[in-house]
Amino acid sequence: MKTLIIYKSETGFTQRYAEMIEHRTSDSTLVELKKLKKKDIKEADLIFYGGPIHNNVIKGLSKFLKYHKLFDGKDIFIFGVGLEPASSDKRENVINANGLSFYHVRLYLLTGGLDFTKMSKFKKKIISLGLKAAAQKGDLPMNADPSQLSSLLDRRIDMVSSDQIEKMMNVYNLVVAKRMN
């Protein structure tokens, strides 16, 4: 039984989760979304797709879902990686923003991180402006002190943990066991 793990990662957090999944699956192949080939999907029995979440949209997911006609008979696991903690509201927002109600997939929301050091100057500037606007409103993220705002842009916040994938891997193992019977 072949497992395909596809990911899109901008700052490395999603890639780390994809690598953790690869280490916990048998007969698996890890491939970056930009290197994905149609034959990779055709040859797989179980497929994981992971990408970073921005404004409830899982980056690269729409490109992956263009292959949906090849999904028949396959089990699909989708994981989105972001800073916001998983909740039923967040899950519903991600499902709606990505049109996932039209597909039979399993969705998992994982806490990743934020690495300002790997962001472009443009993204840093946008975030900096947003933080300054939040400071002026008195609505700062993570209870930050206004004097600390500029130092936030030189930091790395990392909350990746193998505990985050436990539920997904338990379901994966159940699916594999069921397919083997």
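The values are calculated or read from the model by the stated rules, or taken from the named source; none is laboratory data. The model shown is predicted, which means the values in this text are computed figures rather than measured ones. Cβ coordinates were reconstructed from backbone atoms using ideal geometry, including for glycine residues, and neighbour counts include every protein chain displayed. Only protein heavy atoms, including side chains, enter the accessible area calculation; ligands, DNA and RNA are left aside. Shrake-Rupley method; radii C 1.70, N 1.55, O 1.52, S 1.80 Å.
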Have a look at the DSSP beta bridges in the range 9-135 and tell me what percent are antiparallel, nearest 5.
-> 15
Crossing angle, helix 88-98 versus the chain [Cα axis fit, 0-90 degrees, rounded to tens] | 70
On Cα atoms only, tilt of 121-137 relative to the major axis of the chain in degrees = 60
Antiparallel DSSP beta bridges within the range 29-92, as percent of all bridges there, nearest 5 = 20
Counted charge near Lys167, where neighbours are those whose Cβ lies closer than 14 Å (Asp, Glu -1; Lys, Arg +1) | +1
Arranged from highest to lowest average of other beta-carbon atoms within 10 Å per residue, in what order do the peptides 19-25, 45-51, 122-128 appear?
-> 45-51, 19-25, 122-128
In degrees, nearest ten, helix 13-23 long axis to first principal axis of the chain (Cα) | 30
Could you please state, rounded to a whole Å, how far the C-alpha centre of the range 74-127 is from the C-alpha centre of the range 153-181?
-> 14
Could you provide, to the nearest whole Å², the per residue accessible area of the chain with probe 1.4 Å?
-> 58
Given H placed 1.01 Å from N in the peptide plane, which residues other than close sequence neighbours of Ala44 have an amide H under 5 Å from its amide H?
-> none
What part of the accessible area of the chain, given as a whole %, is carbon or sulfur when the probe is 1.4 angstrom?
-> 49
Tell me, in nm to one decimal, what length is gained between Lys132 and Lys42 on full extension, where the rule is 0.36 nm per residue of separation less the Cα-Cα distance?
-> 27.6 nm
With +1 on each Lys and Arg Cβ and -1 on each Asp and Glu Cβ, how big is the dipole of the chain about its Cα centre, in debye rounded to the nearest 20?
-> 760
What residue among Gln164, Gln15, Gln136 has the largest mean-square fluctuation in a Gaussian network model of the chain, using Cα springs under 10 Å?
-> Gln136
